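The values are calculated or read from the model by the stated rules, or taken from the named source; none is laboratory data. Being a predicted model, the structure only gives us computed values, none of them experimental. We place every Cβ from the backbone using ideal geometry, glycine too, and count neighbours over all the protein chains shown. Heads up: the accessible areas ignore ligands, DNA and RNA and are worked out on the full protein's heavy atoms, side chains in. Shrake-Rupley method; radii C 1.70, N 1.55, O 1.52, S 1.80 Å.
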Amino acid sequence: MSQRMIDMSGHRIGRLVVIKRAGKLSNGNITWFCQCDCGNQCVVDGHLLRTGRTLSCGCIRKQRSRELIRNNPKTRQYIGNWKPLEKTWHPRATDRRKNNSSGITGVSYDQKQHRWIARLYFKGRYVLNKTFDNKANAVEARRQAELRFLTLQEKK
């Protein structure tokens with residue numbers, strides 16, 4: 001039994017005015033082409049419109065974020081001052097995290113598979129993501145990947 005489509009054309013929901021039907025999602029929800037009061041146009045899931053979970057193209061969230069930043073005295077004292085950002089710490093691929101239980105960065109134990117996993121994330125992708133029967137092999141694979149990828153980066 002199919003449900004009847006609710007025609008939302010012309011309705012105003014928050015800052016959005018529904019213009020026309022845009023299509024259908026794989027879950028069966030109808031999408032609607034909308035015009036926002038800020039001037040942007042967007043396509044929104046009809047269910048999110050009807051339930052009021054989407055009220056704008058995203059401009060409400062941006063506006064609220066700006067207001068929260070401007071009204072927060074701790075944040076306001078740093079606006080325009082980039083010096084505190086120099087002290088920001090970015091972890092290296094070889095730094096050990098607090099929740100590391102294996103003792104080796106990039107090596108962990110998968111309880112479900114009962115296998116060791118060696119991983120190395122480099123330039124936005126995993127260059128190493130393999131499982132091993134024992135910890136020693138996983139540690140060696142991680143060490144070889146570090147030598148191959150991280151030492152190349154330091155030389156450049």
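What is the spin-label model distance, in nm, from N40 to H114 if the labels are put 7 Å beyond Cα along the C-beta direction?
5.1 nm
What label, among (1) 17.2; (2) 21.1; (3) 15.8, belongs to Kirkwood radius over Cα pairs in Å computed from the structure on display?
The calculated read-out lines up with (2).
Heavy atoms only, 1.4 Å probe, whole protein assembly: order R143, R148 by accessible area, highest first.
Final ranking, largest accessible area leading: R148, R143.
So for W116, W32, what's the accessible-area order with a 1.4 Å probe, most first?
W116, W32
What does the charge count around T31 come to, taking other residues whose C-beta lies under 13 Å from its C-beta (Lys +1, Arg +1, Asp -1, Glu -1)?
Net charge in that neighbourhood comes out at +3.
What's the extension gain from Y126 to R61 if we count 0.36 nm per residue and subtract their Cα-Cα distance?
That pair, Y126 and R61, stretches by 20.1 nm at full extension.
Roughly how many nanometres apart are two label points built 7 Å out from the Cα toward the Cβ at L147 and Q77?
The answer from the label model is 5.0 nm.
Calculate the dipole size of the chain relative to its Cα centre from +1 charges on Lys and Arg beta carbons and -1 charges on Asp and Glu beta carbons; express the result in debye to the nearest 20. Please list the in-between numbers first.
Values: 33 positive and 11 negative charges, 65 e Å.
Roughly 320 debye for the chain.
Heavy-atom accessible area of S101 with all protein chains present, probe 1.4 Å, nearest 10 Å²?
Counting only protein heavy atoms, S101 exposes about 110 Å² to solvent.
Below 20 Å Cα-Cα, how many Lys pairs turn up in the chain? Only count pairs eight or more apart in sequence, or on different chains, if you could.
Final tally of qualifying lysine pairs is 8.
Between K24 and I104, with labels modelled 7 Å along Cα→Cβ, what's the label distance in nm to one decimal, could you check?
In this crude label model, K24 to I104 measures out at 5.3 nm.
How far, in nm, would the chain grow between V17 and N137 when pulled straight, counting 0.36 nm per residue and subtracting the alpha carbon separation?
Difference between extended and current length: 37.2 nm.
If a cysteine in the chain has no other Cys Cβ under 4.7 Å from its own Cβ, put it on the list, ordered by number.
So, C34.
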